[in-house]
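Take a look at the structure set out below.
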Amino acid sequence: MAFIGFEFGEWALRRLYKFFEGFKRYRFTLNRGKLSAKTERSNRAGKWWGQDQQWYPGGTPPRLKNRVTPLIDGENYFTELKKALDGAENYVYIAGWVLTPYIPVGRDSSDQLRHERITDLLDTVSKKAAVRILLWNGANFIFKPNRKETAQVKKELEAAITGDFKIILDDSQHITHCHHQKAVVIDGRVAFVGGMDLTSFAGDRFDSNDHPLRSGLNWHDVQLKLEGEIVADVEKNFRQRWEAVAPGPLKPLPHREPPNDPDWHLPAQVIRTIPRRVYKFAEKGEFGIHHSYLNLIAGAKHFIYLENQYLWSPHILKALKKAIQKPRSAPLRIVIVLPAHADDGKYDNDRHVNELRNLDKGRGIVSFYTLYTSGPGMGIHPFTYRGIYVHSKTTIVDDEWFSVGSANLNNRGLVTDSEINVLVHDPELTKSLRVNLWAEHLKMTPAAVRACTVEELVGKVWKEQADRNEAILKEKKEPFYSSLFPYQVGRMPDSWLLEEFETLTFEH
């Protein structure tokens with residue numbers, strides 16, 4: 001538990017940092033490849049994807065021959081990642097914000113906890129294949145993880161992984177910014193992209209769809225398993241960054257062309273945020289995530305569903321306001337799911353939530369929720385209620401398009417940090433992702449969710465479930481019926497003080 005003075009100093013520095021971020025927004029014009037509208041149209045002309053403004057005309061083009069599997073929450077991601085690592089033959093590339101050495105990938109038994117740590121798996125792989133890890137170098141000041149901590153991570157990984165292994169800490173970012181991508185590539189045949197690092201830093205990413213109450217934060221996130229042509233683009237991103245910051249000549253990174261299955265026909269695109277003047281391969285920057293978000297929101301006809309850690313970006317806020325104000329023949333629904341207490345961002349989330357609510361004027365166009373879990377407690381009340389940390393960066397539009405990746409909806413995610421997302425256009429898979437996410441949050445079966453219209457669920461079921469849970473929390477006599485809870489500005493209900501003492505007593 002931090003000292004009050006230190007907490008205040010950290011808060012003050014963050015406020016100062018946000019002031020300069022706001023000032024920079026006025027000076028910094030998004031370089032959409034510095035392409036004029038005319039050039040963008042000419043680049044799209046004649047392409048199979050030319051009529052869809054959501055695709056990004058710069059960077060790597062959309063690919064047609066892919067298979068994409070959404071993995072909701074850490075248990076599903078870690079399970080699939082372990083399978084892929086066990087089958088690695090040539091190379092494993094990992095790009096991350098931070099990595100926790102010895103974090104267990106398998107959690108079903110004490111044997112797995114002891115022998116299926118990430119370092120154990122990578123050490124085994126390194127005896128037969130090249131393992132390369134590219135992490136952010138860490139923060140200079142009081143922010144976390146700092147450079148001392150990332151240097152210790154590097155030291156421990158180098159000691160634990162004894163075969164063909166190299167790790168680079170990327171310090172090419174501008175001051176106060178970071179490298180935030182979360183991507184894994186294995187043998188050129190499979191890749192993973194999403195919101196999850198292989199870490200327990202600030203919260204253990206391993207959590208199940210049920211989110212049972214546990215010591216420490218419960219965690220909601222989404223990762224994509226990618227197969228097909230798009231894997232080469234995820235690998236290209238890693239190779240570009242690795243070669244840009246490698247301190248000296250290294251053995252060339254191995255490369256294999258991804259396998260191509262004739263049954264894979266799903267269109268998808270790797271989209272990135274690459275800041276200006278960070279890498280020589282993109283001196284002018286690359287802002288595909290920003291481009292796609294704005295066009296996804298602008299093109300929405302029926303509904304927009306957002307899960308994100310932050311709602312800070314003035315560009316996204318402006319696009320949402322335009323969507324709310326746009327005259328329509330059929331109603332538009334916007335559902336936004338945020339964490340109850342965003343890390344260093346509750347005030348900014350609240351401010352923008354209020355702006356959108358005020359613009360909506362009670363019409364029900366936009367609604368805000370957060371996620372909670374509950375379980376047996378200790379003390380005078382028999383149950384404990386705690387927020388599930390929403391770390392997912394997932395957007396779904398009209399059951400047609402979705403985007404999943406590492407980018408938060410703030411200036412850093414869209415402009416100044418390195419990020420990687422995947423944009424998918426496929427009605428069947430998009431609806432399946434929505435159904436599975438909503439089934440988890442509503443505690444309904446996927447079949448029951450699929451049987452309802454979006455309007456029925458958003459207009460009635462979501463609100464009823466959230467209001468019911470809010471009433472339950474006031475009485476504290478029973479567990480929640482679902483994970484939904486109304487998002488409230490200011491301090492939200494939580495067992496936060498108790499958890500601070502539990503952490504202090506049992507974990508340190």
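Averaging over every viewing direction, what projected area does the convex hull of the Cα atoms of the range 286-506 cover, in nm²? Please report the intermediate quantities before stating the final value.
Numbers: hull surface 52.4 nm².
Reported value for the Cα convex hull: 13.1 nm².
Multiply the residue separation of Asp344 and Arg147 by 0.36 nm, subtract the distance between their alpha-carbon atoms, and state the gained length in nm to one decimal. Walk me through the intermediate numbers first.
Working: separation 197, 0.36 × 197 = 70.92 nm, distance 1.99 nm.
So the chain would gain 68.9 nm between Asp344 and Arg147.
Share of antiparallel DSSP beta bridges in the range 286-506, in percent to the nearest 5?
Values: 21 of 31 bridges.
Antiparallel: roughly 70 percent of the beta bridges in the range 286-506.
Quick one: which residues, 5+ away or cross-chain, put their amide H under 5 Å from the amide H of Thr384? H built at 1.01 Å from N.
Gly375, Gly377
Apply the Karplus curve 6.51 cos²θ - 1.76 cosθ + 1.60, θ = phi - 60°, to the phi angles in the range 91-99 and return the couplings in whole Hz, x for Gly and Pro.
Karplus-based 3J(HN,Hα) across the range 91-99 equals 6, 9, 10, 10, 10, x, 7, 7, 9 Hz.
How long is the gain from Asp164 to Tyr481 if the chain were fully straight, where each residue apart is worth 0.36 nm and the alpha carbon distance is subtracted?
Difference between extended and current length: 109.2 nm.
For the range 316-326, what does the Karplus curve 6.51 cos²θ - 1.76 cosθ + 1.60, with θ = phi - 60°, yield as ³J(HN,Hα) per residue in whole Hz, taken in order and with x for Gly and Pro?
Karplus values, whole Hz, x for Gly and Pro: 5, 4, 4, 5, 5, 4, 4, 5, 5, 7, 5.
For a bin width of 5 Å, list the pair-distance distribution of the range 53-265 built from all Cα-Cα distances, rounded to whole %.
Cα pair-distance distribution for the range 53-265, in percent: 1, 7, 14, 19, 21, 17, 12, 6, 2, 0, 0.
Would you compute the Debye intensity of the chain from its alpha-carbon atoms alone, equal scatterers and no solvent, and pass along log10 I(q)/I(0) at q = 0.07 Å⁻¹ to two decimals?
Debye intensities relative to I(0), on a log10 scale: -0.37.
Given H placed on each backbone N at 1.01 Å, which residues far from Tyr91 in sequence or on other chains put an amide H within less than 5 Å of it?
Close amide H contacts, sequence-distant or interchain: Ala130, Asp187.
Between the range 205-261 and the range 65-115, what's the alpha-carbon centroid distance in Å?
One Cα centre to the other: 10 Å.
Beyond 19 Å between alpha-carbons counts as too far, so tell me which of Lys148/Lys280; Lys346/Lys477; Lys127/Lys225; Lys301/Lys326; Lys144/Lys318 fall in that bin.
The answer is Lys148/Lys280; Lys346/Lys477; Lys127/Lys225; Lys144/Lys318.
By how many nm would the segment from Ala202 to Glu470 lengthen if fully extended, with 0.36 nm per residue of separation less the alpha-carbon distance?
Details: separation 268, 0.36 × 268 = 96.48 nm, distance 2.67 nm.
Full-extension gain reported as 93.8 nm.
Starting from the amide H of Leu266, placed 1.01 Å from N in the peptide plane, find each other amide H under 5 Å away whose residue is 5 or more places distant or on another chain.
Hits under the 5 Å cutoff: Asn66.
If exposed means no more than 14 neighbouring beta carbons inside 10 Å and the site is in a DSSP loop, what's the longest run of the chain without any exposed GluC sites (Glu not before Pro)?
Longest gap between qualifying sites, sites excluded: 284-506.
Short version: ³J(HN,Hα) in whole Hz for each residue of the range 421-434, in order, from phi by Karplus 6.51 cos²θ - 1.76 cosθ + 1.60 (θ = phi - 60°), x for Gly and Pro, what are they?
Taking θ as phi minus 60°, the curve returns 10, 10, 9, 10, 10, 6, x, 5, 5, 4, 5, 4, 4, 4 Hz for the range 421-434.
Under 20 Å between alpha carbons, and skipping anything fewer than 8 positions from Lys474 in its own chain: which aspartates and glutamates qualify?
Counting by Cα, and skipping residues close in sequence, Lys474 has these aspartates and glutamates nearby: Glu464, Asp494, Glu499.
Give me Rg/Rg_expected for the range 178-254, where Rg uses Cα atoms only and Rg_expected = 2.2 N^0.38 Å with N residues. Intermediate results must be reported in sequence, preceding the final value.
On the way: Rg = 15.7 Å, N = 77, 2.2 N^0.38 = 11.5 Å.
It is 1.37.
A short reminder: the numbers here are calculations on the coordinates, not readings from a lab. These figures come from a predicted structure and were not determined experimentally. Heads up, the Cβs are rebuilt from the backbone with ideal geometry, glycines too, and the neighbour counts pull from every protein chain shown.
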